[in-house]
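Worksheet: the structure to be examined is printed underneath.
The values are calculated or read from the model by the stated rules, or taken from the named source; none is laboratory data. Note that this is a predicted model, so its numbers are computed, not measured. A quick note on method: Cβ atoms are made from the backbone with ideal geometry, for glycine too, and the neighbour counts reach across all protein chains shown.
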Amino acid sequence: MLCFWFFASGRKTAILFRIPLAAMSHVTPKLNAFPVFMRVEGEVVAIVGGGDEALAKARLIGQSNAVLRIIAENVEPELLAFIAQSGASHIAAAYDASQLDGAIMVFAASGDEALDRSVAADARRLSIPVNAVDRPELCDFFTPALVNRAPVAIAIGTEGAGPVLAQMLRSRIDQMLSPSLGSLATLAASLRGAAEKLLPKGNARRRFWSSFFQGAPAHAVEAGQLSQAHDAAVDLLLSNAPAVGHIALVGAGPGAEDLLTLRAHRLLMEADVIVHDALVPEAVVAMGRRDAERLPVGKRKGCHTKSQAEINALLVELGRQGKRVVRLKSGDPLVFGRAGEEMAALRDAGIAYEVVPGVTAAFAAAADFELPLTLRGVSSSMVFTTGHDLKGNSLPDWARLAISGATVAVYMGRSVAAEVAGRLIEAGLSPDTAVAVVENASLANRRRFHGTLADLPSLEERADLSGPVMTIIGDAVAGANFERSEPLAAHRHESAAKAAAAEVEE
């Protein structure tokens, strides 16, 4: 399993220490090695070995300010050249446990299994963490693939399972990061004390650093203009401009966190406050900053913790406080998300806002079924509806469109399934029209059902469907993949059989 971590300080070395943990969760896999950064400046790191394995570890540790000690009676020329160039100490003698004295880390890199096992045993006896190259069962810690932008370090670990994969990822990340990142971090470190004195902890200080790393100081460092970067940072630090509130109405998608857009993720990482609905999974909310305030305003059928008017007032108040807010809505904010009311309230209050689209549940359900929502020669339009407007006496416009061939996606469709089916059949839509139903679209625990319009009423009897249900109706549904779905008719026939049996008993 992979783990990534980022760090900025005066130290450059990163290691993974093995910590026994419980068995992996079926929801979120847990790490067997927890990532930490260890202080090594001025400390001894010992490497036992004189060949290629020892050279690789020496080059890695050589990126830090550790005191490097190479222990090997016979040393290959490349490693000898490294020792001469780096100033590392060399004990040119057969290995002895006393040579590990004073070390805070040990690498067994001799290539000889018996010797590596002996080194590992001695290190543990001396309470020194040890890494045995290519022998994960002997390791107390693992060394990561390292992207060095000192004082910033980015380390990638695979718990020893995939060194080649770690190097591939390191190469990709290395290309993403500017060579000037280290200089920017160094400038930031020089201003940290002043920022803590001049700016109150919380929103103001966080806003300064956000502007520092993304604004004029960062651009000047990128251009190699360090003096101008310092001046821009000081101007930013001394600015008394009040914080300006901003609300982002963000679509969280249908549930799977990897369907969140890149813009949505960026805003979550910048948010001071995350205001989220009940249908937004915790895994998506957790993608925001760890120290962001989280305010649930859950709205499920029959259970509203806050009225829409209260939510509107909350967003306005947070905006007036200068907060950066993400209003996280399930699916897309503009599809049955009541975003119109929130935007109107923000406009009236003069609060800046933006809308970030999300993958709406209908698209996720269609993807789960490999279902073409439009199909040449069959359906060239589609309708989004909740079905609740069928309660009136007149047939709604979308129902007429369904009869003319449009694909219909019914949100929150279980409770109105019978009403939808009955009214559409009554209006002239064939009872044999194809239907696809998805519970928990996009998630690993999704359930898929297929059938016809005549089978749809059986949904209302399905007490086992506790998650959000999306129903798609239309001739285009016939083009879906039904290999991994259950027939609605099976439950319909089962219910009919139970009813008949109950009548016989009476």
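Of everything in the stretch 423-438, what is loosely packed, with under 15 Cβ neighbours inside 10 Å and modelled with pLDDT under 85? Give them in sequence order.
Matches in the stretch 423-438: Glu426, Ala427.
Give me the residue from the stretch 312-333 that is surrounded by 17 or more Cβ atoms within 10 Å (Cβ to Cβ) and without any contact (Cβ under 8 Å) to a residue 60 or more places away in the chain and, out of that set, farthest from Val469 (Cα to Cα).
The selected residue is Val316.
Quickly run through the stretch 290-311 and pick out the residues that are exposed (fewer than 15 other Cβ atoms within 10 Å of the Cβ), over 22 Å from Ser415 (Cβ atoms) and out of contact with any strand residue (DSSP E or B) (no Cβ under 7 Å at 6 or more places or on another chain).
Passing the criteria: Arg290, Asp291, Ala309, Glu310.
Can you tell me which of (1) of a type in the set (Asp, Glu); (2) within 25 Å of the chain's Cα centre (by Cα); (3) crowded, with 20+ Cβ neighbours inside 10 Å is the one Glu159 doesn't meet?
(3)
With the requirement that a residue be farther than 14 Å from Leu181 by Cβ and in a helix (DSSP H, G or I), what does the stretch 209-226 give you?
Matches in the stretch 209-226: Trp209, Ser210, Ser211, Ala216.
What's the total number of residues in the stretch 457-477 that are modelled with pLDDT under 90, surrounded by 18 or more Cβ atoms within 10 Å (Cβ to Cβ) and aliphatic (A, V, I, L, M)?
Number of matching residues: 1.
Determine whether the stretch 50-59 contains at least one residue that is surrounded by fewer than 16 Cβ atoms within 10 Å (Cβ to Cβ), part of a helix (DSSP H, G or I), among the small types (Gly, Ala, Ser) and assigned by TED's automatic domain parsing to the domain that holds Arg125. Please lay out each step first, then the result.
Let us first name the residues in the stretch 50-59 that are surrounded by fewer than 16 Cβ atoms within 10 Å (Cβ to Cβ), namely 52, 59.
Now restrict to residues that are part of a helix (DSSP H, G or I): 52, 59.
Okay, now just the ones that are also among the small types (Gly, Ala, Ser), so none.
Among the residues of the stretch 50-59, not one is surrounded by fewer than 16 Cβ atoms within 10 Å (Cβ to Cβ), part of a helix (DSSP H, G or I), among the small types (Gly, Ala, Ser) and assigned by TED's automatic domain parsing to the domain that holds Arg125, which makes the answer no.
Being part of a loop (DSSP other than H, G, I, E, B) and under 30 Å from Met176 (Cβ atoms) is the filter here, so list the residues in the stretch 101-156 that pass it.
Once the filter is applied, which keeps residues that are part of a loop (DSSP other than H, G, I, E, B) and under 30 Å from Met176 (Cβ atoms), the stretch 101-156 yields Val133, Asp134, Cys139, Thr143, Pro144, Ala150, Pro151.
For a quick check of your reading of the model, give me the residue pairs whose first member lies in the stretch 374-386 and is touching a residue at least 40 places away in the same chain (Cβ under 8 Å) and over 19 Å from Pro468 (Cβ atoms), whose second is surrounded by 14 or more Cβ atoms within 10 Å (Cβ to Cβ) and of a type in the set (Asp, Glu), with beta-carbon atoms closer than 7 Å and at least 6 apart or on different chains.
Cβ pairs passing all conditions: Val378/Asp475; Ser379/Asp475.
Considering each residue of the stretch 434-463, count those that are of a type in the set (A, V, I, L, M) and over 19 Å from Ser415 (Cβ atoms), and give that number. Break it down into steps so the answer makes sense when it comes.
The initial filter retains those residues of the stretch 434-463 that are of a type in the set (A, V, I, L, M), namely 434-438, 441, 443-444, 453-454, 456, 459, 463.
Checking the rest, the ones that are also over 19 Å from Ser415 (Cβ atoms) come to 434, 443-444.
Number satisfying all stated conditions: 3.
Would you check which residues across the stretch 267-298 are charged (D, E, K, R) and in a helix (DSSP H, G or I) and list them?
Of everything in the stretch 267-298, those that are charged (D, E, K, R) and in a helix (DSSP H, G or I) turn out to be Glu270, Glu282.
Mind counting the residues in the stretch 139-176 that are modelled with pLDDT of 85 or more and either charged (D, E, K, R) or in contact with an Asp or Glu (Cβ under 7 Å, 6 or more places away or on another chain) (or both)?
Looking only at that region, the number is 7.
Of the residues in the stretch 255-277, how many are in contact with a strand residue (DSSP E or B) (Cβ under 6 Å, 6 or more places away or on another chain) and of a type outside the set (D, E, K, R)?
10
Which residues, counting only those in the stretch 347-368, are crowded, with 21+ Cβ neighbours inside 10 Å and assigned to a helix (DSSP H, G or I)?
Those that are crowded, with 21+ Cβ neighbours inside 10 Å and assigned to a helix (DSSP H, G or I): Ala361, Ala362, Phe363, Ala364, Ala365, Ala366, Asp368.
When only residues in the stretch 129-140 that are crowded, with 22+ Cβ neighbours inside 10 Å and within 31 Å of the chain's Cα centre (by Cα) count, which is nearest to Ala161 (Cα to Cα)?
Across the stretch 129-140, the extreme among qualifying residues is Cys139.
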